[in-house]
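Below is one structure, written out as structure tokens, with a few remarks after it.
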Amino acid sequence: MFCFGFNTFSQSRATISGNVSDQFGNLPGARISIEGTDLSATTDVNGNYSFDVDEGEYVLQAAFIMYTPVSKTAIVKVGDTIQLDFVLETGFSMDQPVSLGSRAKPTSLLKNTSAVDIVSPQQLTNSSQIELSHILHYLIPSFHSTNQTIADGTDHIDPATLRGLGPDQVLVLVNGKRRHSSSLLNVNGTIGRGSVGTDFNAIPIAAIERIEVLRDGATSQYGSDAIAGVINIILKKQTEVIQVDNRAGITTEGDGFSLYSSANFGLKIGREGYINVTAEYRDREEINRAGDYTGSVYTDDQALDQTLIQQNNFFAQTGYSDRRVMEIGSAKTQNLALTFNGEMKMSEYATFYMQGGRNYREGNSKGFYRFPKDEDRVVQELFPNGFSPEILTDIQDDAIAIGVKGIKNNWDVDFSHSIGINRLDYTVNNSNNASLGSASPRTFYAGGFIYKQNTTNLDLSRTFDWLNGVNIAFGAELRVENYQIIAGEEASYIDGGSTFTNDQGVELPRTPGAQVFPGFQPESELNRFRTNSSGYLDIEANLSDQLLIRGAIRYEDYNDFGGQTIGKLSGRYRINDDLSLRAGFSTGFRAPSLHQVFFQNISTQFVNGESLQVGTFNNESAIVTEAFQIGKLKPELSTHFSAGFSGKFNDNFTFTFDYYQIDIEDRIVLSGRFAEGYETILEPFNVGAAQFFTNAIDSKTTGADLVMFFKAPINRGEFNASLGANITNTEVKGPIKVSAALEGQEEVLFNREEIARVENGQPNYKLNSLLSYDINKFRFQMVNTLFGEVKFIHPMDGDQTNWVLNEFTGNVETRDQTFSPRLVTDTAISYQFNDYLKCTIGGNNIFNVFPDKHKHSANTEDGNFIYSRRVQQFGLNGSNYYVRVLLRL
């Protein structure tokens, strides 16, 4: 009876199986789907797949990102087992379906009304970088992100920008769902000063299938922040392969040793469900490119100081025998991440999905050295030779999203809820609170931040047979945000009242708070919430086979900033099957982040080599509202115009070109330091200067993007080439906006250095090229990136009377400097031993290229800074080499 039942079941089904390969062999991870059904599978490590199906006729499609999809028909009867193999050829982005920019079914780039870049699985797998922000930095011309130095928490969370705008003017999605931002507000002198961005490096690269970058204003489609564009990170779905990646690298200077290890695997859930899991570990030692210190140590009397240095053997005693008393470059970090992505079929018409993970990062960076001569900052009983303070960061990033998608009455319905939490805690080590004297601890918990985001979305979409096809989509979003500042321990901020007597016999107070990063005071603690609700309508109409028109309108309402209606109108005209024109105009909206509204803190900043206690006061403070008469922050409003074309020739050469203009009103900036004339007001706060956020500037950004791909078979191998270029120009328009109380102080509110940071702090152009040649089991790859010039403009040097002596030249000169373009080259050679093992050796920046050195001695700050820390093109690491072993099991 049992056997009869079993045989009856087995004979009621048929099997379709086969292999997917390309010209070089089996292709694991390719996706096989059966048209008209929800059945799909991914090929295993040997490129094989299998389906159990009922009797009938089926159309199977094999697809892989950056390969041309292939469809075949299979007719099976009960009990049949047939073999259906596919050989895929590499394709190009013009033929790839993309989901960004449209609420309808995914369409190819050639048919899209907006410019979209695709980072393919092959590009991710073959990249020589081990952090997501750096991968995008070297693959997407309009994307900029590099390590910062001597910038507190910004040393550990890299600011990332698109099209030369700010980190908070690009929206990040994961599987189409809004990603939360970091809890860190960039308040130091780096790109993105005064803004909050997304921590790209909290997302493990081993979990990513591909990335789509929409280079167009899209706030009406996706919500606030998408002024410069949208980056959608799509996670892996594969279930048949276990992929293990191990890498080790080191710089040619012998520092910056890095280890990378990741594992990704998937499991089937039922017939059609899956869960994909990734674990990733990164560890990088610090990289130091500081110069030899030339300043004084024990006293400003040079002769006496040299004698004391020799007597105390200062540089050897402190471990700085090479006279490099600072660590300037890339901070030490250790990173561990776990993520998941999955779907489960609930019924014929409904699917439950989920994604999320946790990332934990420890960072260790240094600040300015505190010398024994600095008696107001150094307790000599604890540190007779001074000290190099450390900032230790603990960053935990959690995210989870769940939802249900399906079909109801011919409408595609998607209901989801996502939660994102980012927490950053500071510990100050090897330091002191000078005001506590010899009773001061050497390690302090200085406090931290928490940012939480809860987002609920409902999206509906349906395509009608009107005209040549009309898609109508509408939906709503509810977002609740929470921002917290956590106070540090008392010893990290308290004024202990200790004093010292200077050379003139005058008794003076010592500086309160932990040196390098005073802890957050209880008065700075806060816990603030905000809600945002929005609704949108999106219509796409194919008026003819050639002409597509898209329109979107969105209403956003914040409980603290009110409502705003924004919209977008775009179109695409297909001249023929291989060439399309597109254009669009949109309005944008970005509300001030909770961080910008409520952040407050006291920090130690170095100005012309001298430390200064600076208070950042929020718009609830009486100092800001009464003394400076700064009103409530306003949202940023923008307009975005773009026009371009895309096309291909014979599937071997594809190209896109786009022009854009982005105008932003009332950009939110962090002001300069107000000190002179405000001493009485600032005295109770134990600070020497005050700064705050305000809507101070309007800006205009114009530019163009060019992307080209080429492929050709050469000598039994395949040659692939890509070239991407971006040119961007941003200018601050009109006068600086000041309150009545600050008239005449425009140069203090937003000085020429800050204007230059907006206009010239990022490369004015960037070219990325990737050349690869695959033959037999070898792969040869070269990536070249040309970074345009950046400029540092000193805040005081607009007036020649402020120029100072340049010890390099002996002349009184300006400290302004333009840093010339630089070409960085990465190479790699890979060998595929079999279906399971691939080994790579490679190098980044193989010609050991560095930015221009400082030309004015005053910019080096006593020899410490050979290279600029204010503006950077690609960091200060120099060349590094690595080995990599990739296993597919």
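Only one of the numbered conditions (1) over 30 Å from residue 540 (Cβ atoms); (2) at pLDDT 85 or above is violated by residue 61, and that is (1).
On the basis of being at pLDDT 95 or above, in contact with a helix residue (DSSP H, G or I) (Cβ under 9 Å, 6 or more places away or on another chain) and under 30 Å from residue 41 (Cα atoms), does residue 199 make the cut? When the stated conditions are applied, residue 199 does not pass them.
For segment 551-581, filtered to residues that are acidic (Asp, Glu) and surrounded by fewer than 20 Cβ atoms within 10 Å (Cβ to Cβ), the residue that is modelled with the highest pLDDT is 557. Just checking, how many residues over segment 50-68 are within 40 Å of the chain's Cα centre (by Cα) and farther than 14 Å from residue 17 by Cα? Final tally of qualifying residues: 6. Looking at segment 803-889, the strands (runs of 3 or more DSSP E) lying wholly inside it that each contain 3 or more residues that are over 27 Å from residue 788 (Cβ atoms) sit at 822-832, 837-844, 880-888. Scanning segment 22-32 for residues that are buried (at least 18 other Cβ atoms within 10 Å of the Cβ) and either in contact with a strand residue (DSSP E or B) (Cβ under 6 Å, 6 or more places away or on another chain) or farther than 17 Å from residue 71 by Cβ (or both) turns up 26, 27, 28, 29, 30, 31, 32.
Residues of segment 835-853 that are over 24 Å from the mean Cα position of the chain (by Cα) and more than 28 Å from residue 241 (Cα to Cα): 846, 847, 848, 852, 853. Checking the condition of a type in the set (Gly, Ala, Ser), out of contact with any strand residue (DSSP E or B) (no Cβ under 9 Å at 6 or more places or on another chain) and not in a strand (DSSP E or B), which residue from 505, 519, 497, 488 passes? Checking each option against the conditions leaves just 505.
What pairs come up if the first residue lies in segment 732-743 and is assigned to a helix (DSSP H, G or I), the second is surrounded by 11 or more Cβ atoms within 10 Å (Cβ to Cβ), and their beta carbons are under 8 Å apart, counting only those six or more places apart or on different chains? From segment 732-743, the pairs are 740/629; 741/627; 741/628; 741/629; 742/628; 742/629; 742/748; 742/749.
Quick check, is residue 822 of a type in the set (Lys, Arg), crowded, with 16+ Cβ neighbours inside 10 Å, in contact with a Pro (Cβ under 8 Å, 6 or more places away or on another chain) and in contact (Cβ under 8 Å) with a residue 40 or more places away in the chain? It is true that residue 822 is of a type in the set (Lys, Arg), crowded, with 16+ Cβ neighbours inside 10 Å, in contact with a Pro (Cβ under 8 Å, 6 or more places away or on another chain) and in contact (Cβ under 8 Å) with a residue 40 or more places away in the chain. Being in a strand (DSSP E or B) and either within 30 Å of residue 25 (Cα to Cα) or of a type in the set (Lys, Arg) (or both) is the requirement here; does residue 718 meet it? When the stated conditions are applied, residue 718 passes them.
Per-residue answers, yes or no, for (1) in a strand (DSSP E or B); (2) surrounded by fewer than 21 Cβ atoms within 10 Å (Cβ to Cβ); (3) in the same structural domain as residue 531 (by TED's automatic domain parsing):
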residue: 380; (1), (2), (3): no, yes, yes
residue: 397; (1), (2), (3): yes, no, yes
residue: 418; (1), (2), (3): yes, no, yes
residue: 435; (1), (2), (3): no, no, yes
residue: 463; (1), (2), (3): yes, yes, yes
residue: 475; (1), (2), (3): yes, yes, yes
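Among the residues of segment 848-861, none qualifies, meaning not one is touching a residue at least 40 places away in the same chain (Cβ under 8 Å), within 30 Å of residue 46 (Cβ to Cβ) and touching a Gly at 6+ places or on another chain (Cβ under 9 Å).
Checking the stated criteria, residue 773 turns out to be free of Cβ contacts under 8 Å to residues at least 60 places away in the same chain, surrounded by fewer than 18 Cβ atoms within 10 Å (Cβ to Cβ) and within 30 Å of residue 125 (Cα to Cα). For residue 105, the stated conditions do not hold, so it cannot be described as under 30 Å from residue 261 (Cβ atoms), out of contact with any Cys (no Cβ under 9 Å at 6 or more places or on another chain) and assigned by TED's automatic domain parsing to the domain that holds residue 732. Close Cβ contacts (under 8 Å, 6 or more residues apart or on different chains) running from residues in segment 614-642 that are of a type in the set (D, E, K, R) to residues that are buried (at least 21 other Cβ atoms within 10 Å of the Cβ) and part of a strand (DSSP E or B) comprise 636/588; 636/589; 636/590; 636/664; 636/667; 636/668.
Condition check for residue 130 on (1) surrounded by fewer than 22 Cβ atoms within 10 Å (Cβ to Cβ); (2) under 29 Å from residue 260 (Cβ atoms): one failure, at (1).
For residue 318, the requirement of being of a type in the set (Val, Ile, Thr) and either crowded, with 22+ Cβ neighbours inside 10 Å or in contact with a Pro (Cβ under 8 Å, 6 or more places away or on another chain) (or both) is not met. Scanning segment 788-813 for residues that are out of contact with any strand residue (DSSP E or B) (no Cβ under 8 Å at 6 or more places or on another chain) and surrounded by fewer than 18 Cβ atoms within 10 Å (Cβ to Cβ) yields 796, 798, 799, 800, 801, 802, 807, 808, 809, 810.
The values are calculated or read from the model by the stated rules, or taken from the named source; none is laboratory data. The shown structure was predicted, so the numbers you read here are calculated from the model rather than taken from an experiment. When we count neighbours, we look across all protein chains shown, and the Cβ atoms used for this are built from the backbone with ideal geometry, even at glycine.
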